[in-house]
Amino acid sequence: MSVAFIAGCDEVALKLDNPGKGEFKGYPLTLSVPFPKGKLKDASTLKLKDSSGNEIPYQMQELCTWPQDKSIQWLMFDFLCDLKGKKAEELKLELADGSPEEVKDGIIVKESPKGFEINTGAAVFTVSKEKFNLFDTVSVNNKNVLSADDKNHSLYLKDKDGKLFASSLGAPDEVKLELKGPVRSVIKADGWFYSGTGEKMCRYTVRLNFFKGKPFVKMLYTFLITENTEKAKFSDIGISLPLKTENVLFGGTDKRIALKDGSSEYLLQYDNDKLLLSDAKNPGKWKAEGDGKRSPGWAWTGGKDFSAMMYVSDFWQTFPNELEAQGGKSLTYHFWPAHGVSMPDRKIVDANRQYLWYCHEGKILDFKVPEVYYTSPAKDKKEEYKLRYVRNGRYENCMGVAKSAEIFIDFNIPEKDCGKMAALWQNSPLVMATPEWMCASGVFGRILAASPEKFPEEEKALSKLFDCERRLQDHTKDYGKFNYGDSHTGWNYSTRRWDDAYRCWRGYHHCSGTVPWILYIRSGDPKYLRWGVVSARHLMDIDMCNWTTPEYEKLEYPHGKIKGGLCDYKGLSHWHSGNRLMDYNSMTNFMIYYYYLTGDRKGLDTAEMWGRSVKEKFRKPSDGRSAAGTSSALMDLYMATGDKEYFDIAEKYVRNTLENQNINNDKTFCHHTLAYFNAKGKIIPKGAFSGGGGWENYAPWLEKYYDITGDKEIAERIVLWANAYIDGYGDTSSIWRVMGDNINIMGYAYFITKDPKYLEYGMFFLTYYLNGIVDKPGDLFDGFGTIGAVSLGFDYMSLRIPVFLAALNDYGKPVKIRFIEKGLSAVLSRPTEIFVQNNDGKSFTVQGGLCNEKGMPPAHLKISGPSGETIMEKEIKGEGYIPFRITLSDGNTGVYKFVFNDVKIQLLDFSVSHGLRWVQLWNNNPGQRAGGRRLFFRLPEKIAELTITREPTFMNTSSTLAELVGPDGSSKGIISKGILKVKVSPEDAGKEWSIRGTFGKKNEFSIMVDGKKIASYLATGPGLYFNPDEFPKAASNGKGVKKAELVEALFGDPAKEKNGK
């Protein structure tokens, strides 16, 4: 491929994907191409050519320029292309002499005070500005195919009592020509639904896309709820075409049905895999099997002098949906069915709670949550804690929820061509500049185009991660009008489904909206774009608040509503809240990509709706992850619009957050860490962040700011941040030990310094994550990412691996792994067994801290003396971080044993006075909370071979990545999953060895000496190791034996227990 303008060439290679191998003469396509900063000032001589070199006429619009120098950043092209049945074709965009060929016989739009006339050459459409009713007339071959029926209302709703509201019963707010061009023109209409008495209820936005030489229209329809849950109840929401129908054929059936005047036939998709066919006089009922499974979503109808078709995208995925033909009257798509059914006695338990059946079946669309959804009893305290968000279901308010549909209407199509045309729309052809061009343009930051030949394991992992989540969504039936397009936070391994109590839906969490777009841009694979479109529409419509009133705007979270406010990710429904405006999950880039790559301006409109609200309500910047998300989203808007106010607000967030970076070694751990560590007052590593908001690497704010400004101080700050991650703690994300999600910072540190050490440490984090991905082709879980499952790992790593790969590609040489051995450690084996060696029998003190999750049972501690006697048994109550100090009196010499016996307790700190040696039995997990750690052990004097086994976890994955280090500091091999065998030389026997890296959960670990398994005792520092098995128990009685007693036991608060009382 020729990388034009970037490499000084004169063309951009384009790829046309035709997934369904459809054939069509002059199919309309929209193409947007980015250009590097400073490379294109004048687009007037660009020419578009097909694979044979023939010029293709086009219409072009400049979408935006680079704010820094006003050179062209994005251009959008609309053109017609002959589809020849090939899966892929090559096109090119040339910078040549002379003007491009003009479009001949293009669309003619005439505007008058009353409305518009749009002549595509194949049909003439009239659209009213006075009373918007979709089309007033549609003329094909000089004949109007629409019937003159004053009672037909093309856009309408009926409330729960059947009261009619329609767009044509009142004046629209606006009907305008949004895009004028010879190949594609767009009419946009906005307004209220009115009753016959002038009442208003809910709103509509319609974009009608007209194409040169085509009798079909692509309609993008958004229905917006402006009422609260008590009022927003609907018995029918429809889009109706007044056609004198005589016959109907529903897609997926093979029987044309004759219609009499007044008769009605309909197809109802009432579940993702169930449909019924019936007539209005004898309405169908819910059936376990249905009359079919998944309708392709189209209906053809014919009559005297016309043959028309309506196709609805994602028809079965967004059930319930209905298509109805009324004899002599109309063809209607019921956005909410007029003949809905529901499953009798549906049990609302487990996943059925999550799938919101109360607004996905039945006669009435009612968003009020039935009590059974939020009052179901919890099994235990842990489940009750998880259900805390679901309990708020009683307060959830649907105001501001929107829902969009993509509908194609063809007013002149033979019955025999309907299936072929529907398949073409379903598998819509796509055209994009090659991934190499897209990524090299710089508009997406520093990412590498998919390079399976250079990075086979990484590229396979990214593809499999995506495929696995889609597979699991189909497995659990993640469908429904208000569900499809969303995804989930976590997977429940025991129930084999998504977690249905804690954070039921993902929404905008963890940059989810951006993921499919970046994966598509860097690969060109249509599977990513398809999900990107579905996901973007859901996020813009349902997971963002699109309407409010002064009353609701004033309310606090979660009851408030702000236009552009996020609806959160924590509640039972997707519209759990609606006023999280300047938020860590704020993002606009995917909305902008949606506009650029589909041509639907709704994306930019939605992003700017959020931006306007931010401008209006911004007072002072926050820090931490909220600053990261907000500033990142603002900078994306700035780059798309050139509006400097967005950048100025973003810069305030950036500068405020940088105040919390530890530059002068005077910043301490923030309050978020105190629930996990005894970290109060401790200095964080230089370059780390201490902000109260925490998790500064939540969104790409600092990298984005650096790319825009080139600020050298920011470059230094990024490098310091990378150094802090190497030192074990960069920000509070380090606490949760989601290893790998900082490789974006490692990549940028390399770009700035060209120092390969950042790549070496980055490889440690990247390899750790890749080891946790299931590789079992054909299995349901093939590609499942066990680390940070699901959204935390998949979303972040899908966005950050391409950044790191770009750095590796720039370096161009093999990179070894450099293992992290610094971090915030936790003694995490469960149960935790610690052994203290007391050589002189004198009194000693142990100190530490443990963490108990909220709602969990108390921990249990048992201390045993050298003779096996019990010195103390204690139930440790409390939540969060619980410090302790325990002092034992003079007693026997020998080994004292401390057992923390609870599966959920995390022992975070442990130290012993007087320099006494202590070790931990690694019977499960020596783990750490952040960074890495180093653990020590000593080999016997006589040994020929050392074997270390780290058994894999879920489906042969591993959350361990460590290096075995010999006494001289040299590497002896890598421990991850499986077996590591090492020959031991006589000079290395009897000496202290170590392992360093990161150690995950629930992996069985064992050490074998010459084939014989030994107890896996490990020390946290050099010189602390001893083998408890080499110390026999002290005599339980007899002369000179003195048992130690408990002197003091202090847990969390000042209350003390002495002598075990």
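Points worth noting:
- Relative packing of 522-534, 42-54, 81-93, 329-341, which averages over residues the other C-beta atoms within 10 Å, highest first: 329-341, 522-534, 81-93, 42-54
- Each Lys and Arg adds +1 at its Cβ and each Asp and Glu adds -1 at its Cβ; summed about the Cα centre, the stretch 700-833 shows a dipole of about 240 debye.
- Taking the stretch 832-1057 and dividing mean pair separation by its residue count, relative contact order in percent (alpha carbons under 8 Å, at least six apart): 27 percent
- Between the stretch 791-818 and the stretch 263-309, the Cα center-to-center distance that results, in Å: 49 Å
- The slack in the chain from GLU951 to LYS87, taken as 0.36 nm per residue of separation less the alpha-carbon distance, amounts to 306.6 nm.
- Magnitude of the charge dipole for the chain, about its Cα centre and with charges confined to Cβ atoms of Lys, Arg (+1) and Asp, Glu (-1), is about 2060 debye.
- Distance violations [Cα-Cα > 27 Å] among LYS527/LYS776; LYS991/LYS1033; LYS143/LYS218; LYS129/LYS151; LYS70/LYS218; LYS129/LYS163: LYS70/LYS218
- When shorter helices are ignored and each DSSP H run of at least 4 residues is given -39500 (n - 2.57), the per-residue value for the chain at 222 nm works out to -6000 deg cm²/dmol.
- Taken as Cα centroids, the stretch 84-132 and the stretch 752-782 sit 47 Å apart, rounded to the nearest whole angstrom.
- Between helix 644-658 and the chain: long-axis angle, C-alpha atoms, 0 to 90°, nearest 10: 10 degrees
- In degrees, nearest ten, helix 589-598 long axis to first principal axis of the chain (Cα): 40 degrees
- Debye, to nearest 20: dipole size of the stretch 11-95, +1 on Lys, Arg Cβ, -1 on Asp, Glu Cβ: 180 debye
- Put the Cα centre of the stretch 438-472 next to the Cα centre of the stretch 57-75 and the gap is 27 Å.
- Using the Cβ-Cβ distance between LYS287 and LYS233 with R0 set to 22 Å, the FRET efficiency works out to roughly 0.30.
- Radius of gyration over Kirkwood radius for the chain, both on Cα atoms: the Rg/Rh ratio is 1.03.
- Degrees separating the helix 456-475 axis from the principal Cα axis of the chain, which is the longest one: 70 degrees
- Antiparallel %, DSSP beta bridges [both residues in the chain], to 5: 100 percent
- Among 280-288, 962-970, the order from most to least packed when residues are scored by Cβ within 10 Å on average: 962-970, 280-288
- For the stretch 663-768, the relative contact order comes to 24 percent (Cα pairs under 8 Å, sequence separation of at least 6).
- Amide H contacts under 5 Å for ALA859, placed H, 5+ residues apart: ILE876
- Listed residues ASN247, SER307, PRO283: farthest to the positive end of the dipole of the stretch 229-317 (Cβ charges): PRO283
- Among PRO19, THR630, LEU770 the positive-end extreme of the charge dipole of the chain (Cβ point charges): LEU770
- Under the shape rule built on the C-alpha gyration tensor, where the axes satisfy a ≥ b ≥ c, the stretch 459-572 is oblate, since a/c reaches at least 1.5 while a/b does not exceed b/c.
- In the stretch 239-294, the GluC sites (Glu not before Pro) that fall in loop regions by DSSP, at most 11 other Cβ within 10 Å: GLU289
- Spin-label pair ASP161/GLU713, simplified geometry with 7 Å Cα→Cβ offset, distance in nm: 6.4 nm
- Take every pair of alpha-carbon atoms less than 8 Å apart whose residues are at least six positions apart; their mean separation over the length of the chain yields a relative contact order of 8 percent.
- Between the listed residues SER128, THR514, GLY327, the Cα displaced farthest toward the positive end of the dipole of the chain, a dipole computed from Cβ unit charges relative to the Cα centre, is found at THR514.
- Rounded to the nearest whole Hz, the Karplus-based 3J(HN,Hα) values (6.51 cos²θ - 1.76 cosθ + 1.60, θ = phi - 60°) of the stretch 749-760 follow the sequence 4, 5, 4, 6, 9, 6, 8, x, 4, 5, 6, 5, with x at glycine and proline.
- Shape category assigned to the stretch 832-1057 from the gyration tensor of Cα positions, a/c cut at 1.5: oblate
- Unit Cα scatterers, Debye sum, the stretch 539-626: log10 I(q)/I(0) for q = 0.15, 0.18, 0.21, 0.23 Å⁻¹: -0.55, -0.78, -1.02, -1.17
- Nearest-0.05 FRET efficiency for ILE974 and SER494, computed from C-beta distance (R0 22 Å): 0.10
The numbers here are math on the coordinates, done by the rules we state, and not lab data. The shown structure was predicted, so the numbers you read here are calculated from the model rather than taken from an experiment. Counting neighbours? That spans all protein chains shown, and the Cβs are built from the backbone with ideal geometry, glycine included.
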